[in-house]
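FYI, it's all coordinate maths here, none of it is from the lab. From a predicted model like this one, the values you see are computed outputs, not experimental measurements. Cβ: placed from backbone, ideal geometry, glycine included. Neighbour counts: every protein chain shown.
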Amino acid sequence: MSDLKITALHKYYGEVHAVKGVDLEIPAGEFTVLVGQSGCGKSTLLRTIAGLETADAGTIEIGGEVVNDHAPRDRDIAMVFQNYALYPYMKVYENIAFGLRARRTPRAEIDAKVRKAAQMLAIDHLLERYPRQLSGGQLQRVAIGRAVVRNARLYLFDEPLSNLDAQLRDEMRGEIKRLHQDLGKTMIYVTHDQIEAMTMADRIVLLREGRIEQQGAPLDLYERPATRYVAGFLGSPTMNFIDASLERGNDALNVRLCDGTSLALPMARTAKLAGREGQRVVLGVRPEHMSRALAGDTRSGLVRYEARIDLVQPTGARTYATFRMGDTEAVAELLAHDVSQPGERIGLAIDMNRVILIDPGSDAVIG
Amino acid sequence: MKAAHRNRLKLAVRLAAATLITLLFLFPIYWLFMISFKTPDEIFSYPPKWWPAQLQFSSYAVLFRDGDATTVLNSLIVAGTSTVLAMFIGTLCAYSIARFRTGGDNLANWIISQRMVPPIAVVFPIFLLYVWLGLVDTFPGLILLYTAFNLPYVIWMMRGYILDIPIALEEAALVDGYTRWQMLWKVVFPMSRAGLFATAIFTFVFAWNEFLFALVLTRTEVTTYTVQVTHYFGGQSNFWSKISAMSVLGTLPIFIIVGFMQRYLVRGFSLGAVKG
């Protein structure tokens, strides 16, 4: 049973085609994150689901019922907004009770629900205050509380953490995820922050220019991206992309960089690439799949690359080392003391089991 | 120590200047009130008398006895009703223009341009129309006209205030289960309260002080106080005590209203300044 089913959805803003034929089905109880750069249509999609925008084509079903023509209030949804959307002239208690009052809930029931939600979000001591007396984190808790008391079928979050500072954001991220585990409700969460998407989602829906680029479990997308865009969007620091070509080596395929280096692909990966010898490809390597080469390391799939480090950025546990690879700048995520200063020449071990190969024409991942 | 002294001096100078200016502006009003309490001899005495020997209420007594004072009540009915109507209709129009972009980009500009028409240019066509409709010298006639005349102002001002409301506040209410109509009462009106009061005061004051339309379109039944005052300017002599007493009666309601709503008025000024 799915709580939300979207079929061939289109949305225009005048000349701008914001959503270009989205199909999406979200199973009950799942936490789905719509992620993408600004302007990718993620917020528009969410607002169309909410009924704050009308769909120009396609259908939206919530709980098995087509709701295209339903007003927002008839869609059984609750929504948390980016700027909290709290009423400055109402106390916190009234702000949380606002949605229940609309539905003529009995007074005693409202009181019980408001206090329970407030307790859950640790804002029960703030109920008699006005929004202007609260901090950003507290405001966001109140906004979430207002949605939680509603017992809706679908919960929508529109970039709810983007106004908070970094530390608070980490804290609230965990809290929203815990809320989802406790309530077991279907939630759709919009963000431009790939870390939020990775950490919170059961399923990530990555949007690009009004279309779904790829969807799936966070680690699925991370480890098996379908396109160069997905590969580059997820992960920090971002994946390195190096122009190369495929050539037949002694017994396996080699990836040949423009500086003449040949990197051997493991046998297991060659089957998929049959017939592509001589073609141009883009080699995708995540920074964490490069490490300082150790003498006598015989794990299969590791190849050695001699690098001259140009820039060293320690982050504590890890150090980011920038160097030239082929004709581009690449970043390797090394252990803290693997490299100490720029100019150093070190041997890097690249894990060829984990690299991806991209067709430069279509940007699709081919192996 | 020296700086503190200088600051104190600065403050004193400012206070003195403010007091002087206030006195200057209050003087005509003081004089108006005083005339209404003087005997005819005192009014024309030279050098002028700053304070009547004895407060005379006879002018007021005459106004009430002759029924002239009811013109203030007429003004109150006409200005009050037309303000309520203009505020209600105008705010809904403003909401429509602000949120649904009714009329595209230019309707709001066109509407405010209607306010710039000189009343004298339209008063006689309207008079002829009113004769035909039988609306001359009736409450509905005058109320209708004042409402129509104030609408552009209300729409223009309220549009600005409504645009200042974060739209997410409205959307949150719609998602939370309110109809758009309920949402107007729960969100839009409370959020624009200062603007509503400020606009209402200006609308009321316009209708209250309006003279030209009232002069042309009324006879005896719904004469407003502004028209009534002119009846005391005679061919041979002017009834200064009646003029001043009538003016006092006409000024008091405004004093009372502005006094009550002062804080909204001040906020309304500054809000309007940001966006209009």
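Taking a ≥ b ≥ c as the square roots of the Cα gyration tensor eigenvalues, with a/c under 1.5 meaning rounded and otherwise prolate when a/b beats b/c, else oblate, which class fits the stretch B:68-274?
Working: a/c = 2.56, a/b = 1.80, b/c = 1.42.
Prolate is the answer for the stretch B:68-274, as a/c is 1.5 or above and a/b outweighs b/c.
Please report how far the C-alpha centroid of the stretch A:109-142 lies from that of the stretch A:268-284, rounded to the nearest whole angstrom.
When both Cα centres are located, 57 Å separates them.
Provide a whole-number value for the mean count of partner chain Cβ atoms within 10 Å of the Cβ atoms in peptide A:80-88.
Values: counts 2, 7, 1, 5, 4, 11, 3, 7, 4.
Shielding by partners across A:80-88 averages 5.
Which residue fluctuates most in the GNM of chain B (Cα springs below 10 Å): B:ALA194, B:ALA86, B:ALA173?
Largest GNM mean-square fluctuation: B:ALA173.
Check which residues have an amide H placed less than 5 Å from A:ALA57's amide H, if you skip close sequence neighbours.
Those lying under 5 Å, H to H, from A:ALA57 are A:HIS10.
Just to confirm the filter: which chymotrypsin sites (Phe, Trp or Tyr not before Pro) across the stretch B:163-247 are DSSP coil and have at most 14 other Cβ within 10 angstrom of their Cβ?
On the way: sites: B:TYR178, B:TRP181, B:TRP185, B:PHE197, B:PHE202, B:PHE204, B:PHE206, B:TRP208, B:PHE211, B:PHE213, B:TYR225, B:TYR232, B:PHE233, B:PHE239, B:TRP240; in loops: B:TYR178, B:PHE211, B:TYR232, B:PHE239.
Those satisfying the criteria are B:PHE211.
Which value at 222 nm does chain A reach when only helices count, each DSSP H run of 4 or more adding -39,500 (n - 2.57), with the total divided by all residues and rounded to the nearest 500 deg cm²/dmol? Please report the intermediate quantities before stating the final value.
Values: 8 runs with 84 residues, N = 367.
After summing the helix terms and dividing by the residues of chain A, the value is -7000 deg cm²/dmol.
GNM on chain A, C-alpha springs below 10 Å: top fluctuator among A:GLU15, A:GLU209, A:GLU109?
A:GLU15
Using Cα centres only, tell me the gap between the stretch B:106-148 and the stretch A:202-234 in whole Å.
63 Å
Please compute the contact order of the stretch B:2-56 in relative form: average sequence separation of alpha-carbon pairs under 8 Å and at least six residues apart, divided by the residue count, as a percent.
On the way: 20 pairs, mean separation 14.3, N = 55.
It comes to 26 percent, rounded to a whole number.
Test of the criteria: in the stretch B:1-77, which chymotrypsin sites (Phe, Trp or Tyr not before Pro) are in a DSSP loop and have at most 15 other Cβ atoms within 10 angstrom of their Cβ? Mind dumping the intermediate values first?
On the way: sites: B:PHE25, B:TYR30, B:TRP31, B:PHE33, B:PHE37, B:PHE44, B:TRP50, B:PHE57, B:TYR60, B:PHE64; in loops: B:PHE37, B:TRP50, B:PHE57.
Taking the stretch B:1-77 and a limit of 15 other Cβ atoms within 10 Å, the loop chymotrypsin sites (Phe, Trp or Tyr not before Pro) found are B:TRP50, B:PHE57.
What is the fewest-to-most order of A:TYR229, A:TYR155 by other Cβ atoms lying within 10 Å of their Cβ? Please report the intermediate quantities before stating the final value.
Numbers: A:TYR229 17, A:TYR155 24.
The most exposed by this proxy come first: A:TYR229, A:TYR155.
Which of A:GLN215, A:VAL114, B:THR203 sits farthest toward the positive end of the charge dipole of the protein assembly as shown, with +1 on the Cβ of Lys and Arg and -1 on the Cβ of Asp and Glu?
Selected residue: B:THR203.
Specify the angular offset, from 0 to 90 degrees and rounded to the nearest 10, of the alpha carbon long axis of helix B:2-36 from the longest principal axis of the alpha carbons in chain B.
Approximately 70 degrees, to the nearest 10.
Which translational diffusion coefficient, to the nearest whole µm²/s, is obtained for chain A from the Stokes-Einstein equation, given a Kirkwood hydrodynamic radius over C-alpha pairs, 4 °C and 1.567 mPa s?
Numbers: Rh = 23.2 Å.
Roughly 56 µm²/s, to the nearest whole number.
I'd like the Karplus ³J(HN,Hα) series for the stretch A:232-249: coefficients 6.51, -1.76, 1.60, θ = phi - 60°, whole numbers in Hz, and an x wherever there's a Gly or Pro.
Per-residue couplings from phi come out as x, 6, 8, x, 8, x, 6, 4, 8, 10, 10, 5, 7, 9, 8, 9, 6, x Hz.
Pick from A:ILE346, A:ILE188, A:ILE62: which residue has the top mean-square fluctuation in a GNM of chain A where Cα pairs under 10 Å get a spring?
It is A:ILE346.
Return the percentage of antiparallel bridges among DSSP beta bridges fully within the stretch A:2-228, rounded to the nearest 5 %. Walk me through the numbers before you get to the answer.
Values: 21 of 39 bridges.
The answer is about 55 percent antiparallel.
Can you give the helix-only mean residue ellipticity at 222 nm for chain B, where every DSSP H stretch with n ≥ 4 adds -39500 (n - 2.57) and the sum goes over all residues, rounded to the nearest 500 deg cm²/dmol?
Details: 13 runs with 205 residues, N = 276.
Rounded to the nearest 500, the figure is -24500 deg cm²/dmol.
Give a residue-ordered list of calculated ³J(HN,Hα) values for the stretch B:162-167 (Karplus: 6.51 cos²θ - 1.76 cosθ + 1.60, θ = phi - 60°; whole Hz; x for Gly, Pro).
For the stretch B:162-167, the Karplus curve yields 5, 4, 6, 7, x, 5 Hz.
Greater than 28 Å separation of Cα atoms is the criterion. Which listed pairs, A:LYS177/B:LYS186; A:LYS113/A:LYS177; A:LYS11/A:LYS272; A:LYS11/B:LYS186; A:LYS116/A:LYS177, meet it? Provide the component values of the computation, followed by the final result.
On the way: A:LYS177/B:LYS186 32 Å; A:LYS113/A:LYS177 20 Å; A:LYS11/A:LYS272 38 Å; A:LYS11/B:LYS186 30 Å; A:LYS116/A:LYS177 18 Å.
The answer is A:LYS177/B:LYS186; A:LYS11/A:LYS272; A:LYS11/B:LYS186.
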